[in-house]
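In what follows, a structure is listed as structure tokens, so that the remarks can point back to it.
The values are calculated or read from the model by the stated rules, or taken from the named source; none is laboratory data. Remember, it's a predicted structure, so these values are computed and weren't measured experimentally. Here the Cβ positions follow ideal geometry from the backbone for every residue, glycine too, while neighbour counts run over all protein chains shown. With ligands, DNA and RNA removed, areas are computed over all heavy atoms of the protein, side chains included. Shrake-Rupley method; radii C 1.70, N 1.55, O 1.52, S 1.80 Å.
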Amino acid sequence: MVITRSASAESGTRLGRLAAATTPGAFVVLWSSAFIAGVIGLDAAPPLLLTLCRFALAGVLLAVVALAVRAPWPKGRALGHVVVAGLLLQAVQFGAFYTAMSLGVTGAMAALVQGLHPVLTAILAVPLLGERVSSRQWAGFVLGALGVVLAVAEKLSSAGPALLLCVGGLLGLSLGTLYQKRFCADMDLRSGQAVQLLASVPVIGVLALTVESPHVSAWGPFTAAVLWLALVNSIGAFSLLYLMLRRSQASRASSLFFLTPSVTAVMAWVILDQPLSPLVVLGLVVSGSGVALATRPRSAGSAVPARA
């Protein structure tokens, strides 16, 4: 019996290590795919309508799952924190990014702005969360940012005023990440995400009715895009993000966003037949090196404590 329990515990430890090792790569791929699905969906419907349907479908599905398994729901002050984090991470971020993409900003350009999320998060995490960023991490951030710029350098000249919307989306992502880390670290991933998504539905719904004319020109691509964005991104990618925020510093987890512009460009090359330039490949290598440097665990002797 002792041997059986020991073998079971060892097997569980191995599975846990495997999950921890594969989570970052899976997150980058799933998150980057949102820009590809967004391009497809925006060819068939206005941005806020696409965002509204994404939030509504994902929120209802997560609510049903949470009710079925009797997951705990946030209450009182915790509920307010979950709602605020959700509005920043969901409504502000995606409402701004998808509207910018509908105005001519390419998916790669939107990913570029979003790829600067680790730098902004690291800067804000020091005063807001009390995190300490080492010189090695800052070096990784610089490398990552350089790789991001290289990946989409050829498209910078095509950016217009809509780029300001991307900046708004970036602020929503970074502030929402820090708020989530500080106030919502213990929320149940099923019920908590359901609240965040459903709280964003009326906000995006009102905007969709007032600033655009909701319509769907091609139901097939629109349906496919909504399903992918709701299931793979709103549920899958965000669950992985929240898990990583629980396990590590916000700045460390956010460094993975350095990879999304290059990975998005590769996906656009494969799926949308958009050209893949040598600069994109170079950017992928440089940003990958930055992520490796910024996320490498400290040695036991050099660990610096961080306030939770």
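Descriptive notes on the structure:
- Accessible surface of Thr22, taken over heavy atoms with a 1.4 Å probe and every protein chain present, rounds to 70 Å².
- Solvent-accessible ranking of Trp269, Trp73, largest area first, probe 1.4 Å: Trp269, Trp73
- Full-stretch length increase - Leu243, Val206 - with 0.36 nm per residue and alpha-carbon distance subtracted: 10.2 nm
- Of Leu231, Leu87, the residue with the largest accessible area leads and the full order is Leu231, Leu87 (1.4 Å probe).
- Annotation: Val119 carries an accessible surface of approximately 40 Å², with a 1.4 Å probe and no ligand, DNA or RNA atoms counted.
- Whole-Hz couplings from phi, Karplus 6.51/-1.76/1.60, listed for the range 209-221; x for Gly and Pro: 7, 9, 10, 9, 9, x, 6, 10, 8, 8, 5, x, x
- Rounded FRET efficiency, nearest 0.05, which uses the C-beta distance separating Val167 from Thr22 and R0 of 51 Å: 0.95
- Taking all protein chains together, Tyr98, Tyr179 sort by accessible area into Tyr179, Tyr98, largest first [probe 1.4 Å].
- Rounded if a/c under 1.5, otherwise prolate or oblate - the range 120-246, Cα gyration tensor axes: oblate
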